[in-house]
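Written out below as structure tokens is the structure these notes cover.
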Amino acid sequence: MKNFINLKDIPAKDLRKILNDAKRRKNKRKKLCKADIDKDQPLKGKLIIQMYEKQSSRTRLSFHLAITQLGAGTIAIKANELHLGKGGESLADTAKILSTYGDGFMLRTDSDKKIEDFSKNLDIPIINLLSPSSHPCQVLSDVFTVEEIKKKPISNLNICWIGDCNNVLNSLIATSVKFKFNLNIGCPNNYRPPKFVTDWVKTNKRNINFFNDPKKAAKNADVIFSDKVVSLNDKVNKAKKIKDFKNFQINSILMKNAKKDAIFLHCLPRGNEVSENVFLGMQSRVWQQALNRVHVQKSILLYCFGKLR
Ligand code: CP
Ligand code: NVA
């Protein structure tokens with residue numbers, strides 16, 4: 001049994017194994033309908049419990065499909081529907097109950113500590129569905145999408161992020177270390193990631209490049225990523241933050257700095273960080289990106305259950 005909490009704690013060879021498995025499984029079900037179960041039903045008989053302390057469209061639906069295709073059952077609950085959420089039951093007792101009824105637990109939360117505490121108290125695997133510090137399922141899936149479209153290992157590509165230094169970027173930084181790719185980050189100087197993130201990169205003998213000018217960040221990029229300027233857990237002056245990022249919008253003029261065949265990716269939901277014509281334009285692959293979450297998350301589940309081929 002393995003947890004999937006933060007990409008920086010997972011060996012690169014395991015991440016690569018997950019991506020290879022996802023590719024094989026995706027190819028195998030080309031003729032199947034969305035909720036058809038894979039022939040081998042690798043998680044048949046299991047119940048996976050998803051818990052959301054905040055909103056989600058893609059994560060809950062893509063995991064619903066992923067779990068269904070693997071032959072397991074799932075239930076998605078809101079934290080405030082449990083005694084835990086109302087303060088009427090301890091985390092330890094809740095974890096015992098989850099381990100009694102369920103075979104796997106997945107959590108979207110505003111607290112990294114809560115994920116750690118659950119991981120210590122559960123007897124079943126836990127998957128991080130987004131926390132303040134990371135969004136590992138999203139970003140591993142994004143690596144899959146990049147390699148699928150570019151038909152090359154991500155280590156041979158120039159990856160660029162323009163926008164806020166948030167949970168999604170933290171996970172992208174972790175993958176840049178694990179898969180050894182060049183990462184340019186375009187953001188205002190005072191919005192760079194915390195020192196412990198850049199220190200971790202240095203400890204791993206890698207480097208990331210920061211640019212206060214988004215055009216320089218985008219130069220020669222194969223892929224441009226972005227995300228909302230204000231995240232769900234942001235307790236900031238929203239108007240000020242949006243104003244601080246106003247020169248960092250990804251529009252068709254900015255895209256011209258990237259390679260001609262560059263693609264645009266965004267985890268969604270979106271805000272004004274990307275113009276309508278880039279988001280809906282020829283270089284955008286955001287819908288393929290969203291769909292691939294189903295395939296990669298299946299292999300993440302199999303990794304957690306020790307069933308990767
Ligand atoms: N990208 C993503 O995680 O979307 P949701 O918040 O809708 O799950
Ligand atoms: N950074 C965003 C990602 C949403 C999927 C957030 O945390 O709200």
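A few points about this structure:
- Residues that are open to solvent by less than 20 Å² (accessible area, probe 1.4 Å), within 15 Å of ligand 2 (Cβ to nearest atom) and not in a helix (DSSP H, G or I), drawn from the stretch 269-287: GLU273, VAL274
- Within the stretch 53-75, the set of residues being within 16 Å of ligand 2 (Cβ to nearest atom) and in contact with a Ser or Thr (Cβ under 8 Å, 6 or more places away or on another chain) comprises GLU53, LYS54, PHE63.
- Failed item in (1) closer than 19 Å to GLN138 by Cβ; (2) free of Cβ contacts under 8 Å to residues at least 60 places away in the same chain, with MET282 passing the rest: (1)
- Yes/no for LYS180 being among the basic types (Lys, Arg), part of a helix (DSSP H, G or I) and more than 16 Å from ligand 2 (Cβ to nearest atom): no
- Looking only at residues of the stretch 177-202 that are open to solvent by less than 40 Å² (accessible area, probe 1.4 Å) and under 14 Å from ILE162 (Cα atoms), we find that the one that is farthest from the chain's Cα centre (by Cα) is PRO188.
- Complete set of residues in the stretch 227-260 that are without any contact (Cβ under 8 Å) to a residue 12 or more places away in the chain, in a loop (DSSP other than H, G, I, E, B), among the basic types (Lys, Arg) and closer than 27 Å to LEU130 by Cβ: LYS235
- Take the conditions (1) surrounded by 12 or more Cβ atoms within 10 Å (Cβ to Cβ); (2) modelled with pLDDT of 95 or more; LYS205 misses just one of them, which is (1).
- Residue in the stretch 135-144 that is touching a residue at least 60 places away in the same chain (Cβ under 8 Å) and hydroxyl-bearing (Ser, Thr, Tyr) present: yes
- Hey, ALA290 open to solvent by 20 Å² or more (accessible area, probe 1.4 Å), among the small types (Gly, Ala, Ser) and within 21 Å of the chain's Cα centre (by Cα) or not: yes
- Selected residue [under 30 Å from ILE67 (Cβ atoms) and either within 15 Å of ligand 1 (Cβ to nearest atom) or surrounded by 14 or more Cβ atoms within 10 Å (Cβ to Cβ) (or both)] from ASN233, ASN257: ASN233
- Answer residue from the stretch 2-25, given it is in contact with a helix residue (DSSP H, G or I) (Cβ under 7 Å, 6 or more places away or on another chain) and not in a helix (DSSP H, G or I) and is least open to solvent (accessible area, probe 1.4 Å) among those: PHE4
The values are calculated or read from the model by the stated rules, or taken from the named source; none is laboratory data. Computed from a predicted model, the values in this text were never measured in an experiment. All Cβ positions, even for glycine, are placed from backbone atoms using ideal geometry, and neighbour counts span all protein chains on display. For accessibility, only protein heavy atoms count, side chains too; no ligands or nucleic acids. Shrake-Rupley method; radii C 1.70, N 1.55, O 1.52, S 1.80 Å.
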